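Colleague: Dropping the structure in here first, questions after.
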Amino acid sequence: MRVVIIGGVAAGMSAASQARRARPDAEILVLEKTQDVSYGACGLPYKLPPDTDMDDLLVVSAQRFREERNIDVRLGHEVRKIDPSRREVGGRNAEGDFVLGYDKLIICTGARVWAPPIKGLDALWGQGAYPLKTLDDGRTIKAAMAAHPPKRVVVIGAGYIGLEATENFQEMGAEVTVVEAMPEILPWLPETLRARVVDEAKAHGVEMLVGTRVEAIERTGSGIAVETSDATLEADLVLVATGVRPESELASAAGLALGAAGSIAVDAYLRTSEEHIYAAGDCADALHAITGESVWFPLALRANRAGKLAGDNIFGLKRPAPPVLGTAVFKFFGLEVARVGLSSEEADAAGFDTATAEIVGATRAGYYPGGGKLSVWLIGERKTRKLLGCCMVGPEAAAHKIDTAAAAIHAGMTVEQIYDMDLAYAPPFGPSWSPLLIAASQLSKALD
């Protein structure tokens with residue numbers, strides 16, 4: 001049997017490795033359009049400083065996959081067409097066009113950068129204005145900064161990558177301005193928790209312009225002029241962090257059904273609308289654990305897990321992919337910002353009758369040195385009294401406590417059951433009454 005996998009980063013190499021474990025005799029080909037496979041893309045912002053090495057993010061080289069796992073990894077192979085009726089993929093490499101047949105195909109094309117329609121952006125793309133999505137993007141930015149260390153950086157977009165990169169640019173000594181077109185950053189955060197993130201930016205000298213559109217950029221004698229709807233900013237480097245979209249064009253052109261946000265629709269076993277084609281990772285959709293609806297969450301765990309499951313399921317093993325909650329966390333200077341489940345707006349759109357509760361607790365026992373304040377926000381359904389979502393912001397604890405909330409939602413626990421949980425306590429890690437338990441108690445009252 002020949003298995004062809006399009007894409008060789010998280011989902012693709014997870015699928016290839018699991019397929020090899022499942023069927024040692026199968027022919028497994030990975031077609032990757034770049035020169036890199038298997039790297040930690042989530043670490044890109046943290047490898048921007050000059051004393052770091054972007055290539056540290058590489059996990060396993062293509063050569064090791066070939067030699068140690070007998071996986072035929074072909075770099076520089078861009079697939080441009082899928083023909084389900086002939087079970088063939090076609091594309092181009094350095095030597096010209098190629099066509100390959102398959103018995104099973106796994107699409108792991110990931111997500112692509114969305115570049116907004118900004119006048120002059122094309123002319124400066126990769127030469128002053130940069131995305132940060134691939135390992136090559138990171139190398140390009142680092143080379144540019146090594147040649148001309150930026151004193152002024154404009155970051156377009158205030159999502160995870162934009163804010164993580166902002167922190168690293170500022171710690172390298174640059175003046176950073178973040179421009180966000182939406183009325184607020186991180187719209188899923190409740191207002192008071194969002195204010196903590198904005199205050200953290202101000203405390204580190206980062207200017208945050210919200211509700212502001214970038215309309216044009218152009219090179220000037222002194223750098224780059226960034227023309228916004230409010231003012232013109234001067235920059236030495238522009239980071240375009242306006243988000244990503246599912247890389248589903250190949251699948252769409254082949255007639256495969258699409259799901260949320262234009263991602264490739266898959267069933268519980270990662271199979272697409274064509275029985276011999278599977279899809280996994282940031283190019284594919286998932287089912288939401290609360291609403292049961294198609295959602296698109298381009299997150300690392302889902303990509304790796306879906307790839308691994310697809311690597312089994314192509315051989316008929318029938319291992320379903322679990323539903324998702326969009327559990328996520330990121331660091332912004334001295335804060336951890338975390339979420340799981342539904343926001344108020346998402347719960348309303350799904351038709352839930354809800355109540356919310358918000359508290360501010362301590363991250364350590366009051367007499368124990370250090371620590372700070374942890375903001376916890378919960379939302380629950382009145383009818384079932386189940387927890388639907390949680391957000392946390394604080395200097396510590398949020399990154400781990402959010403997983404407790406995620407486990408509770410996955411288990412379908414009521415807020416009273418959460419309040420009754422026996423959670424660990426020690427003075428260095430929190431007060432005896434965890435902030436999550438206090439918030440659950442408050443939510444229980446709000447649901448009455």
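The values are calculated or read from the model by the stated rules, or taken from the named source; none is laboratory data. No experiment lies behind these values; they were computed from the predicted model shown. Glycine also receives a Cβ, built like all others from the backbone with ideal geometry; neighbour counts cover every protein chain displayed.
Colleague: Collect the residues in region 393-422 that are aliphatic (A, V, I, L, M) and part of a loop (DSSP other than H, G, I, E, B), keeping them in residue-number order.
Modeller: So the first thing to find is which residues in region 393-422 are aliphatic (A, V, I, L, M), and the list is 393, 397-399, 402, 405-409, 411, 413, 415, 418, 421.
The answer is Ala397, Ala411, Met413, Met421.
Colleague: Please go through (1) surrounded by fewer than 17 Cβ atoms within 10 Å (Cβ to Cβ); (2) modelled with pLDDT of 95 or more; (3) not basic (Lys, Arg) for Ala115 and return the number of the only condition it doesn't satisfy.
Modeller: Exception for Ala115: condition (2).
Colleague: Next question. In region 11-108, which strands (runs of 3 or more DSSP E) lie fully inside it and hold 3 or more residues that are of a type in the set (D, E, K, R), touching a Lys or Arg at 6+ places or on another chain (Cβ under 9 Å) and outside the structural domain of Ala174 (by TED's automatic domain parsing)?
Modeller: Working: elements: 27-32, 72-75, 78-83, 88-93, 96-101, 104-107.
Qualifying strands (runs of 3 or more DSSP E): none found.
Colleague: Among the strands (runs of 3 or more DSSP E) contained in region 215-313, which hold 1 or more residues that are over 22 Å from Pro117 (Cα atoms) and of a type in the set (Val, Ile, Thr)?
Modeller: Working: elements: 223-228, 232-235, 237-240, 244-246, 277-279.
Once the strands (runs of 3 or more DSSP E) in region 215-313 are filtered for at least 1 residues that are over 22 Å from Pro117 (Cα atoms) and of a type in the set (Val, Ile, Thr), what remains is 277-279.
Colleague: Please go through region 210-226 and give me each residue that is over 27 Å from the mean Cα position of the chain (by Cα) and without any contact (Cβ under 8 Å) to a residue 40 or more places away in the chain, ordered by number.
Modeller: Thr220, Gly221, Ser222, Ala225
Colleague: With respect to the numbered conditions (1) touching a residue at least 60 places away in the same chain (Cβ under 8 Å); (2) of a type in the set (D, E, K, R); (3) surrounded by 19 or more Cβ atoms within 10 Å (Cβ to Cβ); (4) within 24 Å of Cys42 (Cα to Cα), which one is the sole condition not fulfilled by Glu180?
Modeller: (1)
Colleague: Same structure, new question: For region 357-392: of the residues being part of a loop (DSSP other than H, G, I, E, B) and polar (S, T, N, Q), which is farthest from Ser444 (Cα to Cα)?
Modeller: Thr363
Colleague: Can you name the residue in region 126-143 that is among the hydrophobic types (A, V, I, L, M, F, W, C) and under 28 Å from Pro183 (Cα atoms) and, of all such residues, is surrounded by the fewest Cβ atoms within 10 Å (Cβ to Cβ)?
Modeller: So the residue we want is Leu132.
Colleague: Looking at Val154, is it assigned by TED's automatic domain parsing to the domain that holds Val238, under 15 Å from Thr242 (Cα atoms), touching a Gly at 6+ places or on another chain (Cβ under 7 Å) and surrounded by 22 or more Cβ atoms within 10 Å (Cβ to Cβ)?
Modeller: No: the conditions fail for Val154.
Colleague: Scan Pro187, Pro183 and give me the residue that is part of a loop (DSSP other than H, G, I, E, B) and more than 20 Å from the chain's Cα centre (by Cα). Let's see the steps before the verdict.
Modeller: Details: Pro187 fails: more than 20 Å from the chain's Cα centre (by Cα).
Step by step, each of Pro187, Pro183 is checked, and only Pro183 is part of a loop (DSSP other than H, G, I, E, B) and more than 20 Å from the chain's Cα centre (by Cα).
Colleague: Checking Leu317 against (1) under 30 Å from Gln18 (Cβ atoms); (2) surrounded by 16 or more Cβ atoms within 10 Å (Cβ to Cβ); (3) of a type in the set (A, V, I, L, M, F, W, C), which test does it fail?
Modeller: With respect to (1) under 30 Å from Gln18 (Cβ atoms); (2) surrounded by 16 or more Cβ atoms within 10 Å (Cβ to Cβ); (3) of a type in the set (A, V, I, L, M, F, W, C), Leu317 is out only on (2).
Colleague: Out of everything in region 6-27 that is surrounded by fewer than 24 Cβ atoms within 10 Å (Cβ to Cβ) and of a type in the set (A, V, I, L, M), what residue ends up being nearest to the chain's Cα centre (by Cα)?
Modeller: Only one residue tops the list, namely Ala22.
Colleague: Then there is this: Go through Ala146, Ala123 for me and flag whichever is closer than 20 Å to Asp56 by Cβ and surrounded by fewer than 22 Cβ atoms within 10 Å (Cβ to Cβ).
Modeller: Working: Ala123 fails: closer than 20 Å to Asp56 by Cβ.
Of the residues listed, the single one that is closer than 20 Å to Asp56 by Cβ and surrounded by fewer than 22 Cβ atoms within 10 Å (Cβ to Cβ) is Ala146.
Colleague: In region 415-443, how many residues are among the small types (Gly, Ala, Ser), surrounded by 14 or more Cβ atoms within 10 Å (Cβ to Cβ) and farther than 17 Å from Cys391 by Cα?
Modeller: 1
Colleague: Any chance region 126-136 includes a residue that's of a type in the set (A, V, I, L, M) and part of a strand (DSSP E or B)?
Modeller: yes
Colleague: Further question: Only one of Val99, Val89 is more than 23 Å from the chain's Cα centre (by Cα) and exposed (fewer than 14 other Cβ atoms within 10 Å of the Cβ); which? Spell out how you get there, then give the answer.
Modeller: Working: Val89 fails: exposed (fewer than 14 other Cβ atoms within 10 Å of the Cβ).
Selected residue: Val99, the only one of Val99, Val89 that is more than 23 Å from the chain's Cα centre (by Cα) and exposed (fewer than 14 other Cβ atoms within 10 Å of the Cβ).
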